[in-house]
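Notes follow once the structure below has been shown.
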Amino acid sequence: MPDAIQLMAAVVACIASLPLIAAAIWARAWPASYWFCVGYPLRLIRTYSSWSRLCDGCGLGVSYRVGPNGQPIISYPKLGSPRAHRYGFYIWLSLLPGQTPSDIEDIYSELAHAWQVHGVQMVDVEPGHLRLSITVRDPLISVVAPPPETELLKAAVGMLETAEPWVIDFRAIPHWLVVGATQSGKSTLINALIVALAKQRVALIGIDLKAGVELGPYLPRLSKLATSRGESVEVLEALVTILLNRMT
């Protein structure tokens, strides 16, 4: 009899674990669909249910008045409607009077730990409101190339840590300086920019003092490529002449 009871208990345990095993297989094989169907609703429950306690712990609760029993009535910033994306979700946050976006920036780490997510970042700000991007997993582990931009002088060059496309708009910010240590990604960014802009009706001029090693492969698309100091001076003087003529 004890053996039969143990066998039955083992069978029941195996049957009970089948949903967990199926969920683990689903999450590994089809992470996007698992996230939208299972992970996202569970994460929202954790986020909203823990919000008031989290605000108390981080000092975001504010008391503006006292209740009938003499106890202060605590108000909290209001969480708005969420919107899911494949790496997490966005959520709007309404600030209380006297609070600023920097108050939220100071507790990014606390928010991530409380919600057990990869990271929390601010992606949009309006007066009294801000939008947070909550990523449940690192979007930069396996980067999906963003769709190419179709607007003139806009270049999609990669992905941000908020899982949003990294788009450089030269009409909004026409001047850029790319700096960084060796192996930090400067050449990768420049290559991505050239590839994105090469499809547009723009003139591309390169100055490559590594004897053309970096920009040489793009020579058929470049209007001019300078590979020495002398050629660089000539190119820059020609550009200044064009600039002055247009200004005139």
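Quick check on the chain: helices-only [θ] at 222 nm, where DSSP H runs of length 4 and up contribute -39,500 (n - 2.57) each and the sum goes over total residues. Nearest 500, please.
Calculated from helices alone, the mean residue ellipticity at 222 nm is -12000 deg cm²/dmol.
Explain nothing, just compute: Karplus ³J(HN,Hα) = 6.51 cos²θ - 1.76 cosθ + 1.60, θ = phi - 60°, for every residue of segment 208-220 in order, whole Hz, x for Gly and Pro.
10, 7, 9, 6, x, 5, 6, 9, x, x, 9, 3, x
So which residue, out of Val62, Val136, Val120, gets the largest mean-square fluctuation from a GNM of the chain using Cα contacts under 10 Å as springs?
Result: Val62 has the largest fluctuation of those listed.
Within segment 174-202, which residues have the backbone N less than 18 Å from the label spot 7 Å out from Val213 along Cα→beta-carbon, could you tell me?
180-191
Among the aspartates and glutamates, which have Cα under 14 Å from the Cα of Lys210 when same-chain residues fewer than 8 positions away are ignored?
Those aspartates and glutamates meeting the cut-off are Glu231.
Kirkwood Rh over alpha-carbon pairs of the chain, then Stokes-Einstein at 25 °C and 0.890 mPa s: what D in µm² s⁻¹, rounded to an integer?
Working: Rh = 23.4 Å.
Reported coefficient: 105 µm²/s.
Keeping all protein chains in place and using 1.4 angstrom, which order do Leu189, Leu140, Leu153, Leu111 fall into by accessible surface area, from largest down?
Result, largest first: Leu140, Leu153, Leu189, Leu111.
So what J values fall out for segment 97-113 if you push phi through Karplus, 6.51 cos²θ - 1.76 cosθ + 1.60 with θ = phi - 60°, rounded to Hz, Gly and Pro as x?
Those phi angles translate into x, x, 8, 10, x, 5, 5, 7, 4, 5, 10, 3, 5, 4, 5, 4, 5 Hz.
So what's the gap between the Cα centers of segment 71-103 and segment 146-195, to the nearest angstrom?
Value for the Cα centre distance between the two parts: 30 Å.
What is the ratio of the Cα radius of gyration of segment 94-224 to 2.2 N^0.38 Å, where N is its residue count, to two decimals?
The reported ratio for this selection is 1.34.
How large is ³J(HN,Hα), in whole Hz, for each residue of segment 34-43 in order, when computed from phi with the Karplus curve 6.51 cos²θ - 1.76 cosθ + 1.60 and θ = phi - 60°, using x for Gly and Pro?
5, 5, 5, 8, 10, x, 4, x, 5, 5
Placing unit charges on C-beta atoms (Lys and Arg positive, Asp and Glu negative, everything else neutral), compute the dipole magnitude of segment 157-242 about its Cα centre in debye, rounded to 20. Intermediate results must be reported in sequence, preceding the final value.
Values: 8 positive and 8 negative charges, 42 e Å.
For segment 157-242, the charge dipole is close to 200 debye.
The values are calculated or read from the model by the stated rules, or taken from the named source; none is laboratory data. The shown structure was predicted, so the numbers you read here are calculated from the model rather than taken from an experiment. Backbone-built Cβ (ideal geometry, glycine too); neighbour counts: all protein chains shown. Just so you know, the surface numbers come from the protein's heavy atoms only, side chains and all, with ligands and any DNA or RNA stripped out. Shrake-Rupley method; radii C 1.70, N 1.55, O 1.52, S 1.80 Å.
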